[in-house]
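Below is one structure, written out as structure tokens; comments come after it.
The values are calculated or read from the model by the stated rules, or taken from the named source; none is laboratory data. What you are looking at is a predicted structure, and each value in this text was computed from that prediction instead of being measured. Don't worry about glycine lacking a Cβ; one is built from the backbone with ideal geometry, like all the others, and counts go over all protein chains shown. The area values use the complete protein model at the heavy-atom level, side chains included, leaving out ligands, DNA and RNA. Shrake-Rupley method; radii C 1.70, N 1.55, O 1.52, S 1.80 Å.
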Amino acid sequence: HIYTWSDYIKPELVAQFEQENHCKVVVDTYASNEEMYAKLKAGATGYDLLFPSSYMVKIMNDQGMLEKLDLSLLPNRENIDPAYMKLSTDPAMDHSVPYTVTITCLGYLGSKVKDFEPTWGMLDREDLKGRMTMLNDHREVIGVALKYLGYSLNTLDDRQLAEAKEVVMRWKKNLAKFENEQYKNGLASGEFLLTHGYSGDLLLVRAENEDIQIAVPREGSQINFDDMVIPVGAPQPELAHKMINFILDPKVAAELTEFIYFLCPNLPSYNYLSEEIRADPILFPPAEVVAKLETLEDLGENNIKYTKLWDEIKAGE
């Protein structure tokens, strides 16, 4: 029993795994890390493999919700790209293994947005007022403003956070809305001209509309991992390990990357990808771009600083 994001694993690969392992795979889906976490906290059981984002993995592991992995059952773990393991919150793969990498980017319509520059300052453009969106996510939005100002997106400095709030309030006046789901389709249809969103989502809709351009702003951005983890009490831990190892097979990882448009950070899998995908600077960002990326950290009791700021931003004019 797998619990994951929607459209996040290729059905043909699930069928292949079932055939090879003489089992039946049941896939349930969730729309957010918080939804998945709340369901498990409320007592849901029976899941063998989950795909949460790294910050949620840390929260769940700290609360004793995850099994320690048996690395002897995961020989394919050696395929994981060491460049990305440096950014992982669990580099020893004690309880989690990277599934995909995504970068928070700007997506825009090349023919409609004149004089585009790769900077978060694009959100100040009053000529795009009402035609831009930002993610409805407090850490993402405040984090972007912090990067724009030259600060860490995990800062706890009250002065820096106050500056970031002023920036977001300024941007908010130009936005159509804060939105997580429809922004990509809105960009593809031309309803929105510029959106703050996830690289995988934006790459997916770019396949439908060639006018869509994607950029990682020069100030830096957020890089996020979705990880594979086994919850405590999983009925089929051995099969869960087999599924993780299967996904870490280079040919399988390449098929997944081309199906979901999120990069599986599997070094030998890159040889099986099309030249077009290998040349994509969003899926394979240059070293100088990667150097400016940060992962969101769980700030523990200090998370309240960000939620309080977000409440003020949402309520403010």
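Regarding Leu123, is this residue among the aliphatic types (A, V, I, L, M), in contact with a helix residue (DSSP H, G or I) (Cβ under 6 Å, 6 or more places away or on another chain) and on the phi < 0 side of the Ramachandran plot? Even if it seems obvious, please write down each step before you answer.
Details: among the aliphatic types (A, V, I, L, M): yes; in contact with a helix residue (DSSP H, G or I) (Cβ under 6 Å, 6 or more places away or on another chain): yes; on the phi < 0 side of the Ramachandran plot: yes.
Yes: the conditions hold for Leu123.
Can you name the residue in the stretch 82-128 that is open to solvent by less than 40 Å² (accessible area, probe 1.4 Å), over 17 Å from Gly220 (Cα atoms) and among the small types (Gly, Ala, Ser) and is also nearest to the chain's Cα centre (by Cα) among such residues? Can you show your working first?
Here is the first cut: in the stretch 82-128, the ones open to solvent by less than 40 Å² (accessible area, probe 1.4 Å) are 84-85, 88, 90, 93, 95-110, 113, 119-123, 128.
Narrowing the set further to residues that are over 17 Å from Gly220 (Cα atoms) leaves 85, 88, 90, 93, 95-100, 108-110, 113, 128.
Still in the running and among the small types (Gly, Ala, Ser): 88, 96, 110.
Numbers: Ser88: 13, Ser96: 15, Gly110: 24 Å.
Residue satisfying both the conditions and the ranking: Ser88.
Does the stretch 262-284 hold any residues that are out of contact with any Leu (no Cβ under 8 Å at 6 or more places or on another chain), more than 22 Å from Ile247 (Cα to Cα) and surrounded by 11 or more Cβ atoms within 10 Å (Cβ to Cβ), and which are they?
The answer is Pro281, and nothing else.
Looking at the stretch 1-25, which of the residues that are farther than 19 Å from Pro250 by Cα and surrounded by 15 or more Cβ atoms within 10 Å (Cβ to Cβ) is farthest from the chain's Cα centre (by Cα)?
That would be Val25.
Give the residue, chosen from Phe246, Phe192, that is closer than 27 Å to His138 by Cβ and either of a type in the set (Asp, Glu) or out of contact with any Pro (no Cβ under 8 Å at 6 or more places or on another chain) (or both).
The conditions single out Phe192.
Between residues in the stretch 17-45 that are over 17 Å from Ala234 (Cβ atoms) and residues that are surrounded by fewer than 11 Cβ atoms within 10 Å (Cβ to Cβ), which pairs lie under 7 Å by C-beta distance while being six or more apart or on different chains?
Glu18/Lys24; Thr29/Ser6
So, Lys173, is that one among the basic types (Lys, Arg) and open to solvent by 50 Å² or more (accessible area, probe 1.4 Å) or not? Give the derivation first.
Details: among the basic types (Lys, Arg): yes; open to solvent by 50 Å² or more (accessible area, probe 1.4 Å): yes.
In short, yes.
Please enumerate the residues belonging to the stretch 149-165 that are open to solvent by 30 Å² or more (accessible area, probe 1.4 Å) and either basic (Lys, Arg) or under 23 Å from Gly107 (Cα atoms) (or both).
Of everything in the stretch 149-165, those that are open to solvent by 30 Å² or more (accessible area, probe 1.4 Å) and either basic (Lys, Arg) or under 23 Å from Gly107 (Cα atoms) (or both) turn out to be Leu149, Gly150, Tyr151, Ser152, Arg159, Lys165.
Among helices (runs of 4 or more DSSP H) lying entirely in the stretch 67-185, which contain 3 or more residues that are under 27 Å from Val229 (Cβ atoms)?
Details: elements: 82-85, 138-148, 158-172.
Once the helices (runs of 4 or more DSSP H) in the stretch 67-185 are filtered for at least 3 residues that are under 27 Å from Val229 (Cβ atoms), what remains is 82-85, 138-148.
Taking Thr45 as meeting all but one of (1) within 22 Å of the chain's Cα centre (by Cα); (2) in a loop (DSSP other than H, G, I, E, B), write down the number of the exception.
(1)
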